[in-house]
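The values are calculated or read from the model by the stated rules, or taken from the named source; none is laboratory data. Model, not experiment: these values are computed from the prediction. Using ideal geometry, Cβ is built from the backbone for each residue, glycine included, and neighbour counts are taken over all protein chains shown. Quick note on the areas: whole protein, heavy atoms, side chains included, nothing else; ligands and nucleic acids left out. Shrake-Rupley method; radii C 1.70, N 1.55, O 1.52, S 1.80 Å.
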Amino acid sequence: RDAAAQAPAPAPAAPARPIHAKLDEAARAVEARMIGWRRDIHQNPELGNQERRTAGLAAAHLKRLGYEVREGVAVTGVIGVLRGGAGPGPVLALRADMDALPVTEEVDLPFASRVRTRWGGQEVGVMHACGHDCHVAILMAAAEVLAAQRAELRGTVKLLFQPAEEGLPNGEIGGARRMLDEGAFDDPKPEAVFGLHVGSARAVGTLGYRPGPAMASSDGFRITVEGRQTHGARPWSGVDPIVIGAQIVTALQTIQSRQVDANDPSVLTIGSFQAGNRGNIIPDRAVMVGTLRTFDEGRRSYMQRRVTEIAEGIARGMDGNAVVRWEANGYATVVNDPTLADRMAPTLARVAGPGKLGINPRATASEDFSFFAQRVPGFFFTIGITAPGEDLATAAPNHSPRFRVDEAGLLPGLRAMLHLVADYTGSGSV
């Protein structure tokens, strides 16, 4: 069964109201500044928990617009609260992530990043290779439009400029979880949370979403195999952790292929295998590092258990020892609340226009928006940023050093966020 084929067809468009035309006009008026903010942030990228310049831009902007602003949440996070002037209504949160990646940019742009840093003991570039610069710019533009339309806004909008979505080194906890731990959803608590993500798999002007499980959980793990060092010419005098590790890598792939239902996908990858430093020495240990992606908590816990059991069992059977450590900062599955998705999808259909709203396949990439969506119903959607006429199959993906954004895609993303706010809160005249 194909997961995308099983998904429901995109929703029909919701009818437009006068407020939507006002929001669209205001969005077009702020578009040039939004692109300018994006380029500035792109040229000055910052890694997780280091987004001080980006956070400063967002905080200063919100203060000028009259938002209640809280800074320094989860190190560099910013929260802005706007209370509508049209009477009581729901509290709604909008989220944008701010951090860049340790990637050296290979796109020829006048505002390309030239920032360098050290990551994992190596000097690398820093780049907004996942489009978080776009997310920040879109939310800054939405903040401006909503503030201008405050008189017609019902309820309260809470803006979350979040650090460290891409994770942190050395097992540090940050991002959405830390924002929540430090009161991001307190005073006032939102009833729902919306987020968006730019993606090269969609063309400019198109939008996508998926009800239910939409993006995979992510769990990192490390397997340390302990053998006994010996001369490479006398392997019988020791225990070879490389051979043990090779058997473990091969056996782990049978979990997905032989032990679980193939109609429900999961991914288990060993991305690093390090052992020894000479061809004639069998080392005393080998270390493997990997990632697990699933869409179901039952599958997630089952595969974690089986990885541990298989690694330990193989090593023990070959006279060695294996220790499996699961990282404590894994991400949960991004689940779009089905009821909320059904309610808001017609809004996206209206913004996108006929034939331009699609149902996304389940993505094995992960997002810590999942933690916000565990606390309250969440709705996460994607906006296309690949230029018209470019082959989507060969467009550089997110996290690539050649990731390129067609900035014409930002306006549909902004319009979508604004329309979602208006429709969820019931703002504007009928």
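In summary, segment 61-123 shows an alpha-carbon radius of gyration equal to 1.71 times the 2.2 N^0.38 Å reference for compact globular proteins. Within segment 278-357, the ratio Rg/Rh, alpha carbon atoms throughout and Rh by Kirkwood, equals 1.29.
Once fully extended, how much extra length lies between ARG402 and THR339, figured as 0.36 nm per residue of separation less the alpha-carbon to alpha-carbon distance?
18.9 nm
Given the C-alpha centroids of segment 263-309 and segment 245-261, what is the distance between them in whole angstrom? That distance is 9 Å. What the Kirkwood sum gives for segment 10-68 is a hydrodynamic radius of 14.3 Å, with every pair of different alpha carbons counted. In this calculation the C-beta distance from ILE281 to ASP319 is compared with R0 = 22 Å, giving a FRET efficiency of 0.75.
Counting only heavy atoms of protein chains, what accessible area per residue, in Å², does the chain have with a probe of 1.4 Å?
Working: 17930 Å² over 430 residues.
I get 42 Å² per residue for this part.
With equal scatterers on the alpha carbons only and no solvent term, can you work out the Debye log10 of I(q)/I(0) for segment 135-189 at 0.12, 0.13 1/Å? The computed values of log10 I(q)/I(0) come out as -0.40, -0.46.
Only one residue of GLY220, ALA233, MET179 has its Cα farthest out toward the positive end of the dipole of segment 158-295, where Lys and Arg carry +1 and Asp and Glu -1 on Cβ, and that residue is ALA233. For segment 128-282, the Kirkwood hydrodynamic radius from C-alpha pairs, put into Stokes-Einstein at 4 °C and a viscosity of 1.567 mPa s, yields a diffusion coefficient of 61 µm² per second.
Once you have the alpha carbon radius of gyration of segment 144-229, what is it after dividing by 2.2 N^0.38 Å, with N set to its residue count?
For segment 144-229, the normalised Cα radius of gyration is 1.63.
Sparse packing (at most 14 other Cβ atoms within 10 Å of the Cβ) combined with a DSSP loop state is found for the following trypsin sites (Lys or Arg not before Pro) in segment 255-285: ARG278.
With all protein chains present and a 1.4 Å probe, how do MET215, MET344 order by accessible area, largest first?
Details: MET215 30, MET344 0 Å².
Most to least solvent-accessible, the answer reads MET215, MET344.
For the chain, what is the charge dipole size about the Cα centre, in debye to the nearest 20, if Lys and Arg each add +1 at the Cβ and Asp and Glu each add -1 at the Cβ?
Details: 46 positive and 47 negative charges, 40 e Å.
In debye, rounded to 20, the chain gives about 200.
Using the rule -39500 (n - 2.57) for each DSSP H run of four or more residues, divided by the residues of the chain, the 222 nm mean residue ellipticity is -10500 deg cm²/dmol. Per residue, the convex hull spanned by the Cα atoms of the chain measures out at 145 cubic angstrom. If you take the beta carbon distance between GLU71 and GLU309 as r and set R0 to 41 Å, what does 1/(1 + (r/R0)^6) give as a FRET efficiency, to the nearest 0.05? For GLU71 and GLU309, the calculated efficiency is 0.30. Full extension of the chain between ALA60 and ALA328 yields a length gain of 93.0 nm, computed as 0.36 nm times the residue separation minus the alpha carbon distance.
If the viscosity is 1.306 mPa s and the temperature 10 °C, what translational diffusion coefficient in µm²/s does Stokes-Einstein give for segment 210-299 when Rh comes from Kirkwood over Cα pairs? Mind showing how you got there, number by number?
On the way: Rh = 14.9 Å.
Rounded to a whole number, D works out at 106 µm²/s.
Computed from Cα atoms, the angle from the helix 241-254 axis to the main principal axis of the chain rounds to 50 degrees.
If we sort 372-380, 101-109, 385-393 on the protection proxy, mean other Cβ atoms within 10 Å, highest first, what's the order? Working shown, then result.
Details: 372-380: 21.6, 101-109: 17.4, 385-393: 13.9.
For the peptides 372-380, 101-109, 385-393, the packing ranking is 372-380, 101-109, 385-393.
The distance from the alpha carbon centre of segment 384-430 to that of segment 106-179 is 15 Å, rounded to a whole number. Scattering from segment 1-112 was approximated by placing one identical point on each alpha carbon and applying the Debye formula without solvent; log10 I(q)/I(0) at 0.15, 0.22, 0.24 1/Å stands at -0.97, -1.24, -1.36.
Test of understanding: what is the full-extension gain from ALA393 to ALA151, defined as 0.36 nm times their sequence separation minus their Cα-Cα distance?
Numbers: separation 242, 0.36 × 242 = 87.12 nm, distance 4.47 nm.
Taking 0.36 nm per residue and subtracting the Cα distance, the gain is 82.6 nm.
The phi torsions of segment 338-345, fed into the Karplus equation with coefficients 6.51, -1.76 and 1.60 and a -60° offset, translate into couplings of x, 5, 5, 4, 4, 6, 9, 4 Hz, rounded to whole numbers, with Gly and Pro shown as x. Considering only protein heavy atoms and a 1.4 Å probe, what is the carbon-and-sulfur percentage of the accessible area of segment 313-430? Whole-percent figure for carbon plus sulfur exposure: 53. The aspartates and glutamates within cross-link reach of LYS63, meaning a Cα-to-Cα straight distance under 16 Å and a gap of 8 or more places when in the same chain, are GLU71, GLU144.
About the Cα centre of segment 39-190, how large is the charge dipole given +1 on each Lys and Arg Cβ and -1 on each Asp and Glu Cβ? Please answer in debye to the nearest 20. The partial results should precede the final answer.
Values: 17 positive and 21 negative charges, 110 e Å.
Once rounded to the nearest 20, the dipole reads 520 debye.
At a Cα cut-off below 17 Å, give the aspartates and glutamates reachable from LYS189, other chains included and same-chain residues fewer than 8 away excluded. The reachable aspartates and glutamates, counting only those whose Cα sits under 17 Å from LYS189, are GLU68, ASP181.
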